[in-house]
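K.L.:
One structure coming up, written as structure tokens, with questions to follow.
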Amino acid sequence: MAWDDKRVETWVGIMLRTGVMIAAAIVLIGGVLYLSGRGPSPRNNYRHFQGEPAQYTSLSGVVHNVNLHEPRSLIMLGLLILIATPVARVGMCIAGFLLERDRMYVVVSTAVLVILLYSLFFHK
Amino acid sequence: MNESWFSAILFASSLGAGLLGALSGLGGGVVIVPLLTIVFHVDIHYAIGASLVSVIATSSGAAAAYVREGFSNIRIGMFLEIATTLGALVGAWLTTKVPTSAIGLVFGLVLLYSAYVSLKKQHEDITQEPDRLAMRLKLKGSFPSGGGMQEYVGQRVPVGFGMMWLAGALSGLLGIGSGAVKVIAMDQAMRLPFKVSTTTSNFMIGVTAAASAGLYLRSGYLAPALVMPVMLGVLAGSLAGSKLLVRARVHTLKVVFSLLIIAMGVEMIVNSLKGM
């Protein structure tokens with residue numbers, strides 16, 4: 001069966017949904033562990049912006065600090081997987097356009113991927 | 001109030017927002033920020049962080065369903081994503097530079113505009129000429145309509161591209177999907193069929209939002225314990241909403257949701273002006 005837009009999009013759709021479900025499951029597990037570990041202490045206050053600790057403010061920080069005893073690190077890992085789903089989608093579209101031999105759209109989707117990777121790793 | 005109760009209430013409110021957003025077609029993301037800032041007194045930077053993540057979840061989660069319908073156009077979406085992601089870079093950068101009250105003010109105006117767009121009657125004229133630029137860029141397609149396939153070609157590509165840049169900038173500045181502006185760019189400026197515009201817009205929202213996520217993370221806008229219940233709630237609500245969509249009375253719902261959005265928009269504008 002030849003690769004066409006519909007087939008590429010169907011695969012992309014399935015991949016996106018799977019990614020979201022995995023991410024949501026990790027966030028949920030992290031959330032349950034976090035709340036059960038906190039007990040009846042008063043709620044967090046988000047009224048004033050303070051930023052987040054260093055291990056939660058970089059991609060490498062999140063990846064390197066995944067720790068089962070610190071549930072918030074699991075939540076952050078789930079969020080990163082979630083953020084990766086649209087990026088993976090663009091990557092899969094590049095593969096799809098390659099299979100369809102549509103050079104113009106290989107270039108267009110590569111441009112989008114470059115912008116996304118720049119934003120994730122370098123944008124200040 | 002302890003953290004578990006707080007999380008449960010956030011989850012339930014976000015579930016409602018996701019449900020209403022999916023049923024009305026306005027997207028749940030647009031009410032998350034006003035909900036968090038007005039009702040729960042959350043700083044707008046944390047609020048846009050939680051909202052942005054929810055927007056990505058909703059867009060990626062719904063993609064499979066939209067593909068099945070066969071309306072979304074992968075090439076038009078990808079081409080316009082160059083504009084939305086470049087816009088998002090600027091928008092996200094602005095959140096680190098402009099005062100909180102300015103973000104709130106723009107947010108309020110966007111809420112009012114979104115409500116206006118959703119209440120306005122939709123035109124459905126697909127009288128089109130073969131636009132040269134659109135033909136070269138393959139910004140065309142066909143979709144199932146009545147008996148056969150209806151063909152369409154994008155018009156006024158530069159205008160649509162420019163509006164998409166703006167949609168991206170607003171997405172980065174406000175942590176929203178900017179679905180309303182994206183649909184206007186495709187439906188009004190590029191004269192694409194409404195159904196093609198809305199489904200392609202949903203596909204684009206996740207990629208656009210992902211372009212702001214890196215800077216949001218580095219700036220500390222993603223508070224894990226706050227994002228957790230909000231993201232899970234919006235995702236569950238919007239998935240449930242898209243399943244219910246077939247049976248619901250969409251028009252009444254749209255009016256109710258739009259009125260809610262107008263009230264939130266006015267509240268945010270007034271609060272921001274007071275804080276200036």
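K.L.:
Check A:Val106, A:Val112 and return the single one that is facing chain B (nearest Cβ under 8 Å) and either in contact with a Cys (Cβ under 9 Å, 6 or more places away or on another chain) or surrounded by fewer than 20 Cβ atoms within 10 Å (Cβ to Cβ) (or both).
P.N.:
A:Val112
K.L.:
Among the residues of the range A:27-60, which ones are in a helix (DSSP H, G or I), under 29 Å from B:Pro99 (Cβ atoms) and not aliphatic (A, V, I, L, M)?
P.N.:
Within the range A:27-60, A:Gln55, A:Tyr56 qualify.
K.L.:
Show the residue pairs meeting these rules: Cβ distance below 6 Å; 6+ apart or different chains; first residue within the range B:2-18 and closer than 13 Å to B:Gly28 by Cα; second residue of a type in the set (S, T, N, Q) and part of a helix (DSSP H, G or I).
P.N.:
Short answer, once both residue conditions are applied: B:Gly18/B:Ser238.
K.L.:
Another question, if that's okay. Please indicate, with yes or no, whether at least one residue in the range B:188-202 is in a helix (DSSP H, G or I) and under 23 Å from B:Gly49 (Cβ atoms).
P.N.:
Residues of the range B:188-202 that are in a helix (DSSP H, G or I), as a first pass: B:188-189, B:194-202.
If we keep only those that are under 23 Å from B:Gly49 (Cβ atoms) too, we end up with B:201-202.
Yes, that holds for at least one residue.
K.L.:
Please verify whether B:Leu226 is hydrophobic (A, V, I, L, M, F, W, C), within 26 Å of A:Leu74 (Cα to Cα) and not in a helix (DSSP H, G or I), treating the condition exactly as stated.
P.N.:
Considered against the rule, which asks whether it is hydrophobic (A, V, I, L, M, F, W, C), within 26 Å of A:Leu74 (Cα to Cα) and not in a helix (DSSP H, G or I), B:Leu226 comes out as no.
K.L.:
If you go through the range B:93-135 one residue at a time, how many are among the aliphatic types (A, V, I, L, M), under 19 Å from the mean Cα position of the chain (by Cα) and at pLDDT below 85?
P.N.:
So the answer is 2.
K.L.:
Any chance you could count how many residues in the range B:13-62 are within 14 Å of the chain's Cα centre (by Cα) and outside any helix (DSSP H, G or I)?
P.N.:
4
K.L.:
Of the conditions (1) at pLDDT below 95; (2) surrounded by fewer than 21 Cβ atoms within 10 Å (Cβ to Cβ), A:Thr85 satisfies every one except a single condition; which number is it?
P.N.:
Condition not satisfied by A:Thr85: (2).
K.L.:
Also, I was wondering about something else. Between B:Thr58, B:Thr85, which is crowded, with 23+ Cβ neighbours inside 10 Å, among the polar types (S, T, N, Q), facing chain A (nearest Cβ under 7 Å) and touching a residue at least 60 places away in the same chain (Cβ under 8 Å)? Let's see the steps before the verdict.
P.N.:
Working: B:Thr58 fails: facing chain A (nearest Cβ under 7 Å).
Matching residue, one of B:Thr58, B:Thr85: B:Thr85.
K.L.:
Which residues, taken from the range A:9-60, are more than 17 Å from the chain's Cα centre (by Cα), within 7 Å of another protein chain (Cβ to nearest Cβ) and hydrophobic (A, V, I, L, M, F, W, C)?
P.N.:
Selection gives A:Leu35, A:Phe49.
K.L.:
If A:Val63 meets every condition in (1) part of a helix (DSSP H, G or I); (2) at the interface with chain B (Cβ under 8 Å from one of its Cβ atoms) apart from one, which number is that one?
P.N.:
(2)
The values are calculated or read from the model by the stated rules, or taken from the named source; none is laboratory data. Note that the coordinates shown come from a computational prediction; the quantities given were computed from them, not determined experimentally. Every residue, glycine as well, gets a Cβ built from its backbone with ideal geometry; the counts of neighbours run over all protein chains shown.
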